[in-house]
Amino acid sequence: EEREKELHAYVQKAQENLTAFLEGALKEEQFKRLRQVMLQREGLFGLGHPEIMKELEITDKQRQQFMEVMQDMQQKMEPVMKEAQKGGKPEEIAPKLMKLRQEHEGKIEAILDDAQKKQWKELLGKPLDLGD
């Protein structure tokens, strides 16, 4: 658990350094779009970022609810991840993970009020079209 905390702190610091570098290297519009695409990729799990919580004015109660949803998801994902580590078939595991993600994103969305949902959509910007 101590090692996990150290790793989390390291990853968070690396992310902060990368963000600071990109803010300096990119034009304001480029950085804004990059942030939108990153949030689109993360989905509502992006609410875990302190700056996003601040921008959306997430209350302490909502923060607690968010953490509960994340803990629940982690518990439900654990057996699926163990299955994957034991050589489970990706074509069987991927749908299970996707279902869990969608289920928990719905729970996270339910935490937000209408104004926060609107602001979240604005933070996401125009959906990225990769021309699939």
Checklist entry - Could you say whether any residue in the range 87-100 is acidic (Asp, Glu), at pLDDT below 95, surrounded by fewer than 10 Cβ atoms within 10 Å (Cβ to Cβ) and out of contact with any Phe, Trp or Tyr (no Cβ under 6 Å at 6 or more places or on another chain)? => result yes
Checklist entry - In the list GLY106, GLY131, which residue meets the criterion of being small (Gly, Ala, Ser) and either closer than 22 Å to GLY48 by Cβ or surrounded by 10 or more Cβ atoms within 10 Å (Cβ to Cβ) (or both)? => result GLY106
Item to check | PRO50 vs. criteria within 15 Å of the chain's Cα centre (by Cα), loosely packed, with under 14 Cβ neighbours inside 10 Å and either at pLDDT 90 or above or not small (Gly, Ala, Ser) (or both) | outcome: yes
Next on the checklist: Going by what's in this entry, would GLU42 be described as closer than 17 Å to GLU109 by Cβ, charged (D, E, K, R) and modelled with pLDDT of 90 or more?
Outcome noted: yes
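Applying the selection to the range 23-34, what residues are surrounded by 10 or more Cβ atoms within 10 Å (Cβ to Cβ) and at pLDDT 90 or above?
LEU26, GLN30, PHE31, LYS32, ARG33, LEU34
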Item to check | Residue list for the range 1-38, restricted to those being within 17 Å of PRO50 (Cβ to Cβ) and either touching a strand residue (DSSP E or B) at 6+ places or on another chain (Cβ under 9 Å) or among the aromatic types (Phe, Trp, Tyr) (or both) | outcome: TYR10
Checklist entry - Somewhere in the range 6-16, is a residue touching a residue at least 24 places away in the same chain (Cβ under 8 Å) and either surrounded by 10 or more Cβ atoms within 10 Å (Cβ to Cβ) or in contact with an Asp or Glu (Cβ under 8 Å, 6 or more places away or on another chain) (or both)? => result no
Next on the checklist: For the structure I just gave you, tell me whether VAL69 is more than 22 Å from GLN30 (Cα to Cα), surrounded by 14 or more Cβ atoms within 10 Å (Cβ to Cβ) and touching a His at 6+ places or on another chain (Cβ under 7 Å).
Outcome noted: yes
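The values are calculated or read from the model by the stated rules, or taken from the named source; none is laboratory data. Model, not experiment: these values are computed from the prediction. Using ideal geometry, Cβ is built from the backbone for each residue, glycine included, and neighbour counts are taken over all protein chains shown.
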